[in-house]
Amino acid sequence: MTKNDFIDIVLYNILEQKNKSDELKNKELTILSKTYNISLQNLIERYRWLKKMNINPNDFHLEENHKLIMEIFDNFNKMLNESEIEYYYTSGILSYLLVNKPLERYHHDLDVFINMNDLEKLENICHNYNFSFERKNGDRSDTTKRIMLKMYYNNIIDIPITVFMYVKNDDLSIVQKDYFTDENNDKFVEYIYNSPEIVQLSFSDLPQYHNNIKYFAITLEALFLSKNGNREKDIYDCNIFKDVLDKEKLRKLENSLKLNLPNKIIPAENDSFYDFIFKDHLKQKNLK
């Protein structure tokens, strides 16, 4: 355990004890302050931040989490780059990486868009880099069940990589694909269209680097719109980079999204990637 994670645990436990007087808590805080040369004010502010972010440091060790998630990130990038797989990261850690700031809050996962033409290759080579590739069921906003692609590094199940799927058209538009089954186990796919202008404003082909390893990501403006909601962690993340947003680019992206084509749902059997996505379902059907 790192020193800072240890301090978080001691601080949190001092102030969370219900059977101790304020006088005794203040004495213990003073000892902690002097031992690690941290002001009492900074300790209190740290405790308030932990509570605001709903982080119990007994359960979540922040520096340990940050070290591990960046190790996964670097190794995943190495695999994607060496295998010439087209991808763009989204969400979470980009709020910090794209503005060269260290991670602050706890991160439970990584999210990445991957070109569907490269998915079969990814499934075949990932084990060479200590990653697994799994198809799992997840909930959609209705009663249907999403077919999700999840990847794990060295069997670390508490930090999954969620793969979002897309195809790129000749006109440079992008269609995201969301596969799901209904209550009758009928299979469908939802096409989420991104016009060429949206793609230009959202998916950056300018490489970024972490630990001298190249990676590709969505733009800060697209990230802001994807996180611009009411969740506490999204509000916190947006505050990290909102001051460096390109306001004109953000305005254009918002307008382009308003003019975008509506989503379309078709039977999954009519989709060219049906056999790959529903591989596990088809295996089970053939075994019966």
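Taking interchain pairs and intrachain pairs at least six residues apart, which have beta carbon atoms under 9 angstrom, with the first residue in region 232-253 and more than 16 Å from Thr219 (Cβ to Cβ) and the second basic (Lys, Arg)?
Pairs found: Glu232/Lys52; Lys233/Arg105; Lys233/Lys227; Asp234/Lys227; Ile235/Lys227; Tyr236/Lys52; Tyr236/Arg105.
Within region 86-121, track down each residue that is farther than 12 Å from Asp237 by Cα and in contact with a Pro (Cβ under 9 Å, 6 or more places away or on another chain).
His108, Asp109, Leu110
Name the single residue that is least open to solvent (accessible area, probe 1.4 Å) among those in region 236-266 being out of contact with any helix residue (DSSP H, G or I) (no Cβ under 9 Å at 6 or more places or on another chain) and outside any helix (DSSP H, G or I).
For region 236-266, the residue satisfying everything is Ile266.
Consider region 25-43. How many of its residues are without any contact (Cβ under 8 Å) to a residue 12 or more places away in the chain and open to solvent by less than 70 Å² (accessible area, probe 1.4 Å)?
Going residue by residue through region 25-43, those that are without any contact (Cβ under 8 Å) to a residue 12 or more places away in the chain are 25-27, 30-31, 33-35, 37, 39-42.
Applying the additional criterion that residues be open to solvent by less than 70 Å² (accessible area, probe 1.4 Å) yields 25, 30, 33, 39.
Matching residues across region 25-43 total 4.
Determine which single condition Ala217 fails, assuming it passes every other condition in (1) within 17 Å of Val112 (Cα to Cα); (2) open to solvent by 40 Å² or more (accessible area, probe 1.4 Å); (3) small (Gly, Ala, Ser).
Failing condition for Ala217: (2).
For region 47-68, check the following and say yes or no: at least one residue is open to solvent by 60 Å² or more (accessible area, probe 1.4 Å), over 30 Å from Phe216 (Cβ atoms) and among the aromatic types (Phe, Trp, Tyr). Before you say what the answer is, go through the steps one by one.
We begin by selecting, within region 47-68, every residue open to solvent by 60 Å² or more (accessible area, probe 1.4 Å); these are 48, 51-52, 54, 58-60, 63-64, 67.
With the extra rule that they be over 30 Å from Phe216 (Cβ atoms), the set shrinks to 48, 51-52, 54, 58-59.
Then drop every residue that is not among the aromatic types (Phe, Trp, Tyr), which leaves none.
Looking through region 47-68, none of the residues is open to solvent by 60 Å² or more (accessible area, probe 1.4 Å), over 30 Å from Phe216 (Cβ atoms) and among the aromatic types (Phe, Trp, Tyr).
Of the conditions (1) farther than 21 Å from Asp237 by Cα; (2) surrounded by fewer than 19 Cβ atoms within 10 Å (Cβ to Cβ), Leu80 satisfies every one except a single condition; which number is it?
(2)
Taking the residues in region 83-104 that are in contact (Cβ under 8 Å) with a residue 60 or more places away in the chain, over 13 Å from the mean Cα position of the chain (by Cα) and under 27 Å from Asp59 (Cα atoms) as candidates, determine which candidate is least open to solvent (accessible area, probe 1.4 Å).
Within region 83-104, the first condition is being in contact (Cβ under 8 Å) with a residue 60 or more places away in the chain, and the residues that meet it are 86-92, 94-99, 101, 104.
This time we only want the ones that are over 13 Å from the mean Cα position of the chain (by Cα), so: 86-87, 98-99, 101, 104.
Still in the list and also under 27 Å from Asp59 (Cα atoms): 101, 104.
Working: Lys101: 89, Glu104: 62 Å².
In this case the residue turns out to be Glu104.
What single numbered condition from (1) crowded, with 16+ Cβ neighbours inside 10 Å; (2) over 17 Å from the mean Cα position of the chain (by Cα); (3) within 14 Å of Ile72 (Cβ to Cβ) fails to hold for His107?
(2)
Residues that are modelled with pLDDT under 95 and under 20 Å from Asp158 (Cβ atoms): does region 18-28 have at least one?
no
The values are calculated or read from the model by the stated rules, or taken from the named source; none is laboratory data. The shown structure was predicted, so the numbers you read here are calculated from the model rather than taken from an experiment. A quick note on method: Cβ atoms are made from the backbone with ideal geometry, for glycine too, and the neighbour counts reach across all protein chains shown. When the accessible area is computed, the model is the full protein with side chains, heavy atoms only, and any ligands, DNA or RNA have been set aside. Shrake-Rupley method; radii C 1.70, N 1.55, O 1.52, S 1.80 Å.
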